[in-house]
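Chemist: Pasting a structure here, questions to come.
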Amino acid sequence: MRRSAFCVLFLMAVAPAVMGQGITGFTGGSLYGSYSGSLAPGDVIGFRFTVSAPYTVASLGVYNADTNGLTSSHQVGIWDGTQTLIASVTVDPATGTPIGNWTYASITPVTLMPGQTYTAGAAYTTDDDDSYISGASAVTTDPVVTWLNAVYPTAGDLGFVYPGLDSSPTSGGRFGPNFTDEVVPVELQSFTIE
């Protein structure tokens, strides 16, 4: 009787170890539905930050931990130091992925580099039930990410545009947008069949 051995390769989906979030938590603050208090097109709020090592962003998210969770779609983006939008997506409550206090949508990955200041922003209007946190007293981040200060729009009702004004770091953060690092979704496995 002849026995033969051969190797079979296959892809096996594996759960991501732990998806790293840029903002991992904060304390304090109050819920707000929009910055200017008017209806659509709304305003973009968020925060400026830097990274200490290359950081690949794979998804963008919006805060969902108010009393109803995420109920409406929100545009979320990251702008570089030249105010160029380098990543954006619309996060939808029906198709987004909840992780902790945020709901995320995947993007084409973009790598952020040290030596630049970036801005994360999410659009909010008062014609939905969703809220962001304003005036948080403390923030924790991924070890590579450094939170600098909160940002808000230069005028009300500008829609999804770069939030051009800075809050002082001591005035607390505005937390609506967030982002995650890249996760490898599959692992190459091999075994021998005899």
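Chemist: From Asp142, Asp130, which residue is more than 17 Å from Asp181 (Cβ to Cβ) and of a type in the set (Asp, Glu)? Outline the logic, then answer.
Modeler: Details: Asp142 fails: more than 17 Å from Asp181 (Cβ to Cβ).
Checking each option against the conditions leaves just Asp130.
Chemist: Sticking with this one: Picking from Val89, Val151, Val76, Val144, which residue would you name as being touching a Pro at 6+ places or on another chain (Cβ under 9 Å), among the hydrophobic types (A, V, I, L, M, F, W, C) and more than 17 Å from Thr50 (Cα to Cα)?
Modeler: Sole residue among the options that is touching a Pro at 6+ places or on another chain (Cβ under 9 Å), among the hydrophobic types (A, V, I, L, M, F, W, C) and more than 17 Å from Thr50 (Cα to Cα): Val76.
Chemist: Residues in segment 100-118: is at least one assigned to a strand (DSSP E or B), over 11 Å from the mean Cα position of the chain (by Cα) and closer than 20 Å to Leu165 by Cβ? Don't jump to the end; show me each part of the working.
Modeler: Start the filter on segment 100-118 by keeping residues that are assigned to a strand (DSSP E or B), which leaves 102-112, 118.
Narrowing further to those that are over 11 Å from the mean Cα position of the chain (by Cα): 108-112, 118.
Imposing the further condition that a residue be closer than 20 Å to Leu165 by Cβ reduces the set to 118.
Yes, segment 100-118 has at least one match.
Chemist: Taking into account only those residues within segment 129-169 that are of a type in the set (S, T, N, Q) and in a loop (DSSP other than H, G, I, E, B), which is most open to solvent (accessible area, probe 1.4 Å)?
Modeler: Filtering segment 129-169 down to residues of a type in the set (S, T, N, Q) leaves 131, 134, 137, 140-141, 146, 149, 154, 167-168.
This time we only want the ones that are in a loop (DSSP other than H, G, I, E, B), so: 131, 154, 167-168.
Values: Ser131: 19, Thr154: 86, Ser167: 15, Ser168: 57 Å².
Taking the candidates together, the pick is Thr154.
Chemist: Also, I was wondering about something else. Quick one: what pairs do we get from segment 13-36, first residue at pLDDT below 65, second in a loop (DSSP other than H, G, I, E, B), C-beta under 6 Å, 6+ apart or different chains?
Modeler: Pro16/Val183
Chemist: Now for a separate question. Of the conditions (1) touching a residue at least 60 places away in the same chain (Cβ under 8 Å); (2) touching a strand residue (DSSP E or B) at 6+ places or on another chain (Cβ under 6 Å), Gln116 satisfies every one except a single condition; which number is it?
Modeler: For Gln116, the exception is condition (2).
Chemist: Among the residues of segment 91-113, how many are touching a residue at least 40 places away in the same chain (Cβ under 8 Å) and either small (Gly, Ala, Ser) or touching a Ser or Thr at 6+ places or on another chain (Cβ under 8 Å) (or both)?
Modeler: 11
Chemist: Select from segment 170-180 the residues that are over 18 Å from the mean Cα position of the chain (by Cα) and in a loop (DSSP other than H, G, I, E, B) and list them in ascending order.
Modeler: Of everything in segment 170-180, just one residue is over 18 Å from the mean Cα position of the chain (by Cα) and in a loop (DSSP other than H, G, I, E, B), namely Gly172.
Chemist: Also: Please pick out the residue among Gly61, Gly77 that is among the small types (Gly, Ala, Ser), closer than 22 Å to Ser30 by Cβ, in contact (Cβ under 8 Å) with a residue 40 or more places away in the chain and surrounded by 19 or more Cβ atoms within 10 Å (Cβ to Cβ). If you could, list the steps in order and put the result at the bottom.
Modeler: Numbers: Gly77 fails: closer than 22 Å to Ser30 by Cβ.
Selected residue: Gly61, the only one of Gly61, Gly77 that is among the small types (Gly, Ala, Ser), closer than 22 Å to Ser30 by Cβ, in contact (Cβ under 8 Å) with a residue 40 or more places away in the chain and surrounded by 19 or more Cβ atoms within 10 Å (Cβ to Cβ).
The values are calculated or read from the model by the stated rules, or taken from the named source; none is laboratory data. Quick caveat, the model's predicted, so the values are computed rather than measured. Cβ coordinates were reconstructed from backbone atoms using ideal geometry, including for glycine residues, and neighbour counts include every protein chain displayed. Remember, those area values only see protein heavy atoms, side chains included, never the ligands or the DNA or RNA. Shrake-Rupley method; radii C 1.70, N 1.55, O 1.52, S 1.80 Å.
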